[in-house]
Amino acid sequence: MNWTILFGFFSLISGMICLGIAMYLAPYRDKISARQLMLLMVSVSIWSLGYGMEFLSPDLHLKLWWVRVEYLGAAWVGMLMFKFICIITGRTYCLQKRFNFFLLIIPVLTIFLALTNQFHYLMWQQVHLESNSLIHGIIYKRAAGFWCYVAFSYGLIFWATLIMVKEFALSKGIYKKQLTILLSGIIVPWLCNVLYLFGFQALRSIDLTPFAFMISGILFAWGLLRYQLLNLIPLAHEAVMDGMGDPVVVLDMNDRVMEINKACSKTFGVEIFIPGRGTAKNIFPDLFPLIDARRGKKAMEIETALVMDGTLKQWHLRISPLLASGEKQNGWLIVLRDITGQKQAESALRESEERHRTMLEASPTPIVYYSKKGEVTYVNPAFTRVFGWDRAELLGAPLNFIPEIHKQATEDALRLTYVHPAGNFDFITQRYTKSKKLLDISINSALYRDKEGKQTCMVVNYTDISRIKKVEKELRFTRDYVKSIINSMPSILIGVDDKAMVTQWNLEAEKMTGITADHARGKSLSKLFPMLAGIIPDISLAIENQQVQREGKTPLVINGKQFVTDITVYPISGNIPGAVIRVDDISERIEIEEMMVQSEKMMSVGGLAAGMAHEINNPLAGILQNAQVIRNRLSKPLADNIKAAQKHGINLDLLQDYMEERGIFHMMDQVVSVGMRAAKIVENMLSFSRKSDSRRSSHYLCDMMESTLDLVKNDYNLEKQYDLNSMEIIRKIEDDLPPIPCEKTKIQQVFFNILKNGTEAMSEAKIESPRFVIRYFLDQNMAAIEIRDNGPGITEEIRKRIFEPFFTTKEVGIGTGLGLSVSYFIIKENHNGKLTVESSPGKGTAFIIKLPF
């Protein structure tokens with residue numbers, strides 16, 4: 001018989017038994033004691049299975065491999081045994097994290113050293129097979145690491161044994177039997193391991209410890225089945241009972257007090273207690289009559305009152321029979337619970353409920369309680385008063401008073417109440433009354449829950465805000481109306497408080513400064529509008545004296561643009577000190593005033609020019625007439641001329657030859673030509689300066705342009721600054737244009753303004769060969785004229801604004817900015833025509849006028 005193989009199989013069986021015990025304990029793993037015992041059995045199982053395979057292995061190398069596997073279980077056995085004993089005896093220090101960390105160090109280090117022994121030999125230095133005995137095992141020469149592991153494990157097991165011995169000495173009854181099983185389960189493997197390490201020479205190659213743990217496991221399993229080791233009161237029953245806050249008393253069948261806990265000793269003032277030495281009647285004289293009167297075969301619970309330390313307290317008393325095996329009663333278990341606070345809380349709750357109901361009944365706000373099914377369980381009188389339904393009409397039924405358009409929003413709000421059980425506040429909606437009147441309602445709802453947190457009902461407050469809504473609507477209308485008035489003002493309006501902080505900022509202020517009202521509100525006026533910082537003293541003076549302050553013709557620069565303004569500060573009367581600043585842009589008014597003055601001057605000059613023209617016409621007529629008479633008397637053979645020549649002995653033919661030879665007749669023709677030209681200029685001046693009678697007549701565009709050119713040429717000859725005569729005029733007639741109905745003087749004024757601006761632009765730019773190209777053409781049913789120069793041109797930005805009133809690129813005092821705007825008005829409004837401009841820098845400018853014929 002091969003005892004080595006037989007011993008190996010016994011080790012495997014031992015491991016399987018331990019594994020079976022661990023599997024049996026698995027359903028109880030939620031209990032920490034069962035979990036620790038399960039882990040202990042798993043560790044022993046690994047140890048035993050590895051030990052069995054060690055004996056079944058054929059060579060030393062494979063045996064050493066299984067030795068390393070054994071350490072994966074054996075390293076943990078001492079620690080797990082110690083923790084199991086600590087837990088079932090109520091020692092909680094083994095559950096502390098630091099203590100657990102300390103316990104883990106040695107097992108982990110042991111496993112590491114065993115797996116890597118060939119590199120350091122700290123666990124064993126030499127090994128060989130024992131061949132001189134019945135069982136061939138490995139003989140070791142142990143090293144320091146192994147003995148440290150042994151010392152650690154033995155120390156923990158010895159500590160656990162001391163704990164068990166102490167508990168054994170203090171225990172009794174079923175607890176002593178449980179403890180006997182546990183002590184046996186600890187001592188057997190401990191003794192076997194001592195014999196292996198330090199005992200007989202015959203056992204030096206055989207470690208009986210795994211077999212001993214198998215015996216321990218069998219004992220533990222027997223204890224589980226026979227004495228319900230895990231399901232009865234743990235061995236630390238004293239610690240558990242003393243940890244209870246309620247008084248506990250254990251009586252035997254003779255009413256002797258066998259056990260009480262610390263809470264009982266403190267409550268009843270029992271300073272010295274010896275189990276079985278006193279009766280309940282003597283130790284608890286006030287409590288025993290209640291126990292004796294109420295106890296029976298079944299557990300009984302009552303509520304009673306007892307005086308403790310001169311104070312009457314309410315108690316919940318439970319009297320339960322204690323049953324031994326075979327359902328035989330062997331005593332009584334009495335547990336008292338102080339319910340004084342609970343009773344006081346219940347009384348306070350009843351009072352609170354009464355106050356709550358009183359408040360509900362007296363509340364001016366309609367309140368409804370709904371069940372989980374949505375049925376009405378309570379309505380207060382305010383609901384009846386506002387909505388018209390009596391309580392009896394609604395109880396136990398759903399309340400259908402939601403308008404169709406608000407049903408979806410109401411469902412969303414209801415879901416929100418469930419998502420946020422604390423409440424859903426200020427849900428604004430509408431509800432019908434019993435008479436179908438629609439009310440504006442503010443709803444506040446919350447879930448009402450019981451002590452266990454379960455929903456019992458929903459509380460909903462319905463606040464009638466119809467009157468508030470009406471007032472809000474009126475206030476909103478008034479506010480919007482006043483805001484519209486303020487924003488429609490063409491002036492900048494700024495409201496400030498007594499510290500010059502902005503309270504109002506109208507639309508014009510936004511447009512002029514580019515700052516929105518929301519950004520401006522609450523900011524300092526001096527920071528938002530630095531140009532107005534100088535009027536802050538006027539603001540203070542206006543508020544203090546309640547008098548309007550004015551600053552006239554004040555220059556302001558806003559966004560780089562200069563304005564002339566009138567600034568007025570109006571104080572606000574009332575309890576809130578403040579002022580309103582009105583800034584009026586009077587730049588156009590100033591320019592119009594200046595234009596009026598200039599217009600008056602021009603009217604005076606025009607009148608003077610007309611008078612001068614009339615005065616010039618008379619001598620011009622004399623000059624032309626007399627020049628014609630002189631030529632007639634010198635050149636024509638009239639009878640009077642011959643008679644006068646003969647009288648003075650003058651030969652007329654010789655005289656005529658002389659006159660021809662000296663060019664006198666040519667000079668006379670020049671006088672007549674110049675005189676006619678002067679007459680034409682005077683006629684054009686009279687025609688241009690003559691006040692229009694708004695009568696239209698038909699005129700050719702080319703005729704009006706030619707007369708205007710003559711006028712411009714003579715105008716600049718007078719000015720001695722820009723000379724149209726030095727510029728080339730190119731005329732292009734592409735189509736035979738019909739006459740157009742128009743006011744001649746106004747059309748000439750348009751031509752005059754365009755030609756004048758072009759002449760000035762080319763002269764200022766010093767164009768080498770300045771010229772105008774005047775083109776006449778037809779455009780559908782309109783006669784068109786294009787006046788194009790080869791000047792410097794204008795930018796796109798200026799082109800877009802060229803017809804704006806008072807827009808000019810000339811220096812102050814030279815241009816008014818009205819010439820082209822007036823021209824645009826004449827063509828567009830007076831003649832239903834079109835005036836456009838084409839230009840780009842360096843490519844000249846072209847004005848195109850189109851008039852219907």
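The values are calculated or read from the model by the stated rules, or taken from the named source; none is laboratory data. Because the structure is a prediction, the values reported are computed rather than measured. Neighbour counts run over all protein chains shown; Cβ positions are idealised from the backbone, glycine included. These accessible areas exclude ligands, DNA and RNA; they are computed on the full protein's heavy atoms, side chains included. Shrake-Rupley method; radii C 1.70, N 1.55, O 1.52, S 1.80 Å.
General observations
- Considering each residue of the range 490-498 in turn, none proves to be open to solvent by 20 Å² or more (accessible area, probe 1.4 Å) and either hydroxyl-bearing (Ser, Thr, Tyr) or free of Cβ contacts under 8 Å to residues at least 12 places away in the same chain (or both).
- Elements of type helices (runs of 4 or more DSSP H) contained in the range 376-446, each with 3 or more residues being within 24 Å of Arg467 (Cα to Cα): 381-387, 407-419
- For the range 264-309, a tally of residues being open to solvent by less than 100 Å² (accessible area, probe 1.4 Å), of a type outside the set (Phe, Trp, Tyr), modelled with pLDDT under 85 and touching a helix residue (DSSP H, G or I) at 6+ places or on another chain (Cβ under 8 Å) returns 2.
- Checked against (1) over 28 Å from Arg391 (Cα atoms); (2) part of a helix (DSSP H, G or I), Leu360 passes all but a single condition, namely (1).
- Tally of residues being surrounded by fewer than 18 Cβ atoms within 10 Å (Cβ to Cβ) and either in contact with a Ser or Thr (Cβ under 6 Å, 6 or more places away or on another chain) or under 12 Å from Leu724 (Cβ atoms) (or both) across the range 757-768: 1
- Qualifying residue in the range 600-610 (condition: over 30 Å from Gly552 (Cα atoms), modelled with pLDDT of 75 or more and open to solvent by less than 90 Å² (accessible area, probe 1.4 Å)): no
- The range 730-763: number of residues that are free of Cβ contacts under 8 Å to residues at least 40 places away in the same chain and of a type outside the set (Asp, Glu): 1
- The number of residues in the range 49-69 being surrounded by 22 or more Cβ atoms within 10 Å (Cβ to Cβ) and either over 17 Å from Ile111 (Cβ atoms) or free of Cβ contacts under 8 Å to residues at least 60 places away in the same chain (or both) comes to 4.
- Residues being within 14 Å of Arg582 (Cβ to Cβ) and either in contact with a His (Cβ under 7 Å, 6 or more places away or on another chain) or hydroxyl-bearing (Ser, Thr, Tyr) (or both) - total across the range 536-563: 1
- Residues of the range 319-356 that are in a strand (DSSP E or B) and among the aliphatic types (A, V, I, L, M): Ile319, Leu322, Leu323, Leu333, Ile334, Val335, Leu336.
Okay, residues lined up against (1) open to solvent by 90 Å² or more (accessible area, probe 1.4 Å); (2) touching a helix residue (DSSP H, G or I) at 6+ places or on another chain (Cβ under 9 Å); (3) modelled with pLDDT under 85:
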| site | (1), (2), (3) |
| --- | --- |
| Asp538 | no, no, no |
| Asn559 | yes, yes, yes |
| Val583 | no, yes, no |
| Arg633 | yes, yes, yes |
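- Filtered residues of the range 101-126 (kept if open to solvent by less than 40 Å² (accessible area, probe 1.4 Å) and either assigned to a helix (DSSP H, G or I) or not polar (S, T, N, Q) (or both)): Leu103, Pro107, Thr110, Ile111, Leu113, Ala114, Asn117, Met123, Trp124
- Residue match in the range 198-215 (condition: modelled with pLDDT of 65 or more, of a type in the set (Gly, Ala, Ser) and either surrounded by fewer than 19 Cβ atoms within 10 Å (Cβ to Cβ) or not in a helix (DSSP H, G or I) (or both)): no
- The set of residues in the range 518-529 that are open to solvent by less than 40 Å² (accessible area, probe 1.4 Å) and closer than 23 Å to Asp566 by Cβ comprises Ala520, Leu525, Leu528, Phe529.
- For the criterion of being open to solvent by 40 Å² or more (accessible area, probe 1.4 Å) and either of a type in the set (Gly, Ala, Ser) or within 38 Å of the chain's Cα centre (by Cα) (or both), Ser363 fails.
- Residues that are part of a strand (DSSP E or B), out of contact with any Phe, Trp or Tyr (no Cβ under 9 Å at 6 or more places or on another chain) and not aromatic (Phe, Trp, Tyr), drawn from the range 558-579: Lys561, Gln562, Val564, Thr565, Asp566, Ile567, Thr568, Val569, Pro571, Gly578
- Test: Thr358 is among the β-branched types (Val, Ile, Thr), touching a residue at least 24 places away in the same chain (Cβ under 8 Å) and surrounded by fewer than 17 Cβ atoms within 10 Å (Cβ to Cβ): no
- Total residues in the range 22-43 satisfying the condition of being open to solvent by 10 Å² or more (accessible area, probe 1.4 Å), of a type in the set (A, V, I, L, M) and modelled with pLDDT of 80 or more: the figure is 5.
- Only helices (runs of 4 or more DSSP H) whose full extent lies in the range 1-100 are considered here, and the ones with at least 1 residues that are in contact with a Cys (Cβ under 7 Å, 6 or more places away or on another chain), more than 19 Å from Gly155 (Cα to Cα) and among the aliphatic types (A, V, I, L, M) are 32-56.
- Residue count, the range 839-849 (criterion: surrounded by fewer than 21 Cβ atoms within 10 Å (Cβ to Cβ) and at pLDDT 90 or above): 2
- Considering the conditions (1) over 23 Å from Cys148 (Cβ atoms); (2) open to solvent by 20 Å² or more (accessible area, probe 1.4 Å), Ile46 is excluded by exactly one of them, (1).
- Note on the range 691-736: among residues that are among the basic types (Lys, Arg) and surrounded by 12 or more Cβ atoms within 10 Å (Cβ to Cβ), the one that is modelled with the highest pLDDT is Arg731.
- Residues of the range 469-483 classified as of a type in the set (S, T, N, Q) and either open to solvent by 100 Å² or more (accessible area, probe 1.4 Å) or touching a residue at least 24 places away in the same chain (Cβ under 8 Å) (or both), total: 0
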